[in-house]
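Notes follow the structure.
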Amino acid sequence: MRASFVIVNYNRKDELLKTISKTKELINGNPDYEIVIVDNASIDGSADAVEAAFADVTVIRKAQNMGAPAWNEGFERAKGDYMIIIDDDSHVESGLKDALDYLDRNQQVGVLALNVVSGPYTSEDWEWQDGQDLVGFIGCGAILRKETYQKIGGYADWIFLYVNEWDLGLRAIEAGYQVKYFAKCKVVHRASKINRSSKRLRVFVTRNEMAIVYKYFPKNRWKYLTRIAINSMKGLRQLQLKESWYNLIGIIEFLKMKKTLAYTPVSEKSQQTFLKYFWSTKPAFEFVKRDVSNLYKKVALKKA
């Protein structure tokens, strides 16, 4: 089988049904594709609704919400050579065959980031250029090579949600694969408001960013951990008190979590690749230079 669409759902029945419908329109009955749904213990009747409406869709029911690692259940069940990762509220709009053909021609690419054109995070926001190397990707639109999954595993079981894509990308690079961006395959993220919490987002992102550095970096771990901590608190300059408070909670949660993390360092080369693309580990006081520069420009303008 050419490819499997693997979708994780949690209490978004209507969005999930729309995603399946859009996906079926895309593949148009082609038997080289399948759809695998992992339902994360939804209580809104999602799994029953899918089975009633789409008899040919595989539904895996979880007894409890596993977060992002639930995708691994779908990866394990998937029959395709490639696994198309989308959310319950996202769908591939165009360019899928081109993306799969690209992967056929480029066996070194383990993960292909697709062009997410809408939603809170888009490829354009990240200023990605077609064909460029990446580490992380946007989780509502990507393709994972089955061979890569079999070699490195799926999403880390210790990351419930957020930044799990960077962990997977780093492990793929360490295993000798590339993570690439493919602009021609477009994904629409409808971005349902269900199950979205700004507090959970900020706490988990800060905690998980620090945990990845702590778990994998072979050099200067605390230097980069400090940068993440300081960068996460920059919102205080704009009086973003609530967001900064949530980030502080994330730092505290990391300090609790680090005791449970096995240290599995990657190569220095993989670390440097990660640092090249990961903004949170950038020098923490660059904003001081920018502020001084902006102040100088304002003063110069007034004098003129």
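Return the only residue of T19, T23 being assigned to a helix (DSSP H, G or I), of a type in the set (V, I, T) and more than 19 Å from the chain's Cα centre (by Cα). Walk me through how you get there before you give the answer.
Details: T19 fails: more than 19 Å from the chain's Cα centre (by Cα).
Going through T19, T23 in turn, just one is assigned to a helix (DSSP H, G or I), of a type in the set (V, I, T) and more than 19 Å from the chain's Cα centre (by Cα): T23.
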**Request:** Quick one: S267 ticks every box in (1) farther than 18 Å from S280 by Cβ; (2) free of Cβ contacts under 8 Å to residues at least 60 places away in the same chain except a single one, so which number is it?
**Result:** (2)
**Request:** With the checklist (1) part of a loop (DSSP other than H, G, I, E, B); (2) surrounded by fewer than 24 Cβ atoms within 10 Å (Cβ to Cβ); (3) in contact (Cβ under 8 Å) with a residue 60 or more places away in the chain in hand, flag the one item N72 doesn't pass.
**Result:** (1)
**Prompt:** Which of the residues belonging to the range 79-88 are buried (at least 24 other Cβ atoms within 10 Å of the Cβ) and either outside any strand (DSSP E or B) or polar (S, T, N, Q) (or both)?
**Reply:** D88
**Request:** Kindly provide the set of residues from the range 1-31 that are of a type in the set (F, W, Y) and either over 22 Å from K97 (Cβ atoms) or out of contact with any helix residue (DSSP H, G or I) (no Cβ under 9 Å at 6 or more places or on another chain) (or both), ordered by number.
**Result:** Y10
**Message:** Tell me whether the range 201-219 contains one or more residues that are buried (at least 17 other Cβ atoms within 10 Å of the Cβ), in a helix (DSSP H, G or I), without any contact (Cβ under 8 Å) to a residue 24 or more places away in the chain and of a type outside the set (S, T, Y).
**Reply:** no
**Message:** Exactly one condition in (1) at pLDDT below 95; (2) farther than 30 Å from I86 by Cβ is false for N195; which is it?
**Reply:** (2)
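The values are calculated or read from the model by the stated rules, or taken from the named source; none is laboratory data. Not measured: the values here are computed from a predicted model. Note that each Cβ is placed from the backbone with ideal geometry, even for glycine, and that neighbours are counted across all protein chains shown.
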